[in-house]
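Note sheet for the following structure.
The values are calculated or read from the model by the stated rules, or taken from the named source; none is laboratory data. These numbers were taken from a predicted model, which means no experiment stands behind them. No Cβ is skipped: glycine too gets one built from the backbone with ideal geometry, and neighbour counts run over all protein chains shown.
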Amino acid sequence: MQDARRSHRLAGLADEPLVNRVERDRGAGGMERVVLAHPSGSRAEVYLHGAHVTSWRTADGVERLFLSQAARFDGRSAIRGGIPVIFPQFADRGPLPKHGFARVAGWRLAGDEAGRDDRVILELQDSAVTREMWPHAFRAELAVSLTDDSLAVEIVVANRGDDPFTFTAALHSYLRVGDVERIAVGGLRGRTLESRAEGRQRDVERADELRIRGELDRVYFDVDGPVVVRDEATGAVVEALADGFPDVVLWNPGADKARALADFGADEQRVMLCVEAAVVGSPVSLATGERWRGEQRLRALR
Ligand code: TA6
């Protein structure tokens, strides 16, 4: 992919700062949205509902995230596709509603305390509604930034209460692929995994490159390098690199479970794979005043 600074210079814009442009508008369902545009032509869309990234196009114009045609934009439901923010509970591993409440909460736009103007920052604080489910005072901040070929999503959680709390979390990224049966997923060999589709059985990944046939729902623990998705149908290669999130979740519902999801289009399981940056195996504990940070960086290598 062309270097953004070079193409910028070629366009005669060398004196303009190489930063993202951030614009507020309304997207599907009239819902509030922020559009982040990079001088290279790359672009991302982020809804305030759930702090949900729904689109990421690289500078070559290719959409890299899957968003279901049946996704609901009603301000109440979680949006199917893009990058749902999972906090403070991953899946049904606890008493809260599945995947916690952050993905269905109304976040607000925040200023960047670090003074950077090249990223979008959204924040969520505890409210009467969240405290009823989870009795803790917290502040979560989600920052989204772009380069020509990458999208970075960072979440910071702070304990602003008087008691410690514990949580699990994930950035539940849905990658768009040409054909899920023609992708190879590398970077997980040797990692311990827990497969939900096989009754939470534990195993060790033996494949250099994993192939997907039907339902897949796995947590891989303590992954320390990038997960690389090589798409033979389109030629695209995308890597997902995490920092602060030790675990990786791979999910595809397979045909039967996909049919049972009301907000999933017919056969759409064929064109997606979730590659999630997660903290599941060892929940995060924060004492009063402490902060935790996790980031997922998606990069299109081709
Ligand atoms: O991250 C994988 C997972 O927990 C799967 O078990 C699957 O249910 C998926 O998330 C989607 O959950 P959702 O509540 O969005 O339908």
- Looking at the stretch 218-251, which of its residues are of a type in the set (Val, Ile, Thr) and out of contact with any strand residue (DSSP E or B) (no Cβ under 6 Å at 6 or more places or on another chain)? Thr234
- Message: Just to be sure I understand the filter: pairs with C-beta atoms under 9 Å, separated by 6 or more residues or on different chains, first member in the stretch 225-240 and in contact (Cβ under 8 Å) with a residue 24 or more places away in the chain, second member aromatic (Phe, Trp, Tyr). Which pairs pass?
- Response: Val227/Tyr220
- Looking only at the stretch 94-120, and only at residues there that are away from the ligand (no atom under 16 Å from the Cβ) and crowded, with 18+ Cβ neighbours inside 10 Å, the one that is modelled with the lowest pLDDT: Arg119
- Note on the structure: So the strands (runs of 3 or more DSSP E) completely within the stretch 110-211 holding 3 or more residues that are over 23 Å from the mean Cα position of the chain (by Cα) are 201-204
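Okay, residues lined up against (1) at pLDDT 95 or above; (2) aliphatic (A, V, I, L, M); (3) closer than 29 Å to Pro97 by Cβ; (4) surrounded by fewer than 21 Cβ atoms within 10 Å (Cβ to Cβ):
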| site | (1), (2), (3), (4) |
| --- | --- |
| Val144 | yes, yes, yes, no |
| Val156 | yes, yes, yes, yes |
| Asp179 | yes, no, no, yes |
| Gly186 | yes, no, no, yes |
| Glu194 | yes, no, yes, yes |
| Glu209 | yes, no, no, yes |
| Asp217 | yes, no, yes, yes |
- Subset of the stretch 45-71, residues closer than 19 Å to Arg299 by Cβ and not in a strand (DSSP E or B), comes to Thr58, Ala59, Asp60, Gly61, Val62, Arg64, Phe66
- Query: Does at least one position in the stretch 84-93 carry a residue that is exposed (fewer than 15 other Cβ atoms within 10 Å of the Cβ) and within 15 Å of the ligand (Cβ to nearest atom)?
  - Reply: yes
- Filtering the stretch 126-185 down to residues that are within 16 Å of the ligand (Cβ to nearest atom) and among the hydroxyl-bearing types (Ser, Thr, Tyr) yields Thr168, Ser173, Tyr174
- Message: Can you tell me which residue is farthest from Leu175 (Cα to Cα) among those in the stretch 54-63 that are in contact with an Asp or Glu (Cβ under 7 Å, 6 or more places away or on another chain) and among the β-branched types (Val, Ile, Thr)?
- Response: Thr58
- Note on the structure: The correct count of residues that are among the aliphatic types (A, V, I, L, M), more than 17 Å from the chain's Cα centre (by Cα) and under 25 Å from Glu268 (Cβ atoms) in the stretch 20-72 is 4
- Might you check whether a residue that is in contact with a helix residue (DSSP H, G or I) (Cβ under 8 Å, 6 or more places away or on another chain), surrounded by fewer than 16 Cβ atoms within 10 Å (Cβ to Cβ) and without any contact (Cβ under 8 Å) to a residue 40 or more places away in the chain occurs anywhere in the stretch 267-281? yes
- Message: Being within 29 Å of Asp179 (Cβ to Cβ), buried (at least 24 other Cβ atoms within 10 Å of the Cβ), of a type in the set (Gly, Ala, Ser) and within 16 Å of the ligand (Cβ to nearest atom): is that true of Gly50 here?
- Response: yes
- Output the residues belonging to the stretch 200-220 that are within 15 Å of the ligand (Cβ to nearest atom) and either within 20 Å of Ala258 (Cβ to Cβ) or in contact (Cβ under 8 Å) with a residue 24 or more places away in the chain (or both). Ile212, Gly214, Glu215, Leu216, Asp217, Arg218, Val219, Tyr220
- Note on the structure: Residues in the stretch 242-260 that are touching a residue at least 40 places away in the same chain (Cβ under 8 Å) and touching a helix residue (DSSP H, G or I) at 6+ places or on another chain (Cβ under 9 Å) total 4
- Item | Residue match in the stretch 251-261 (condition: assigned to a strand (DSSP E or B) and within 16 Å of the ligand (Cβ to nearest atom)) | yes
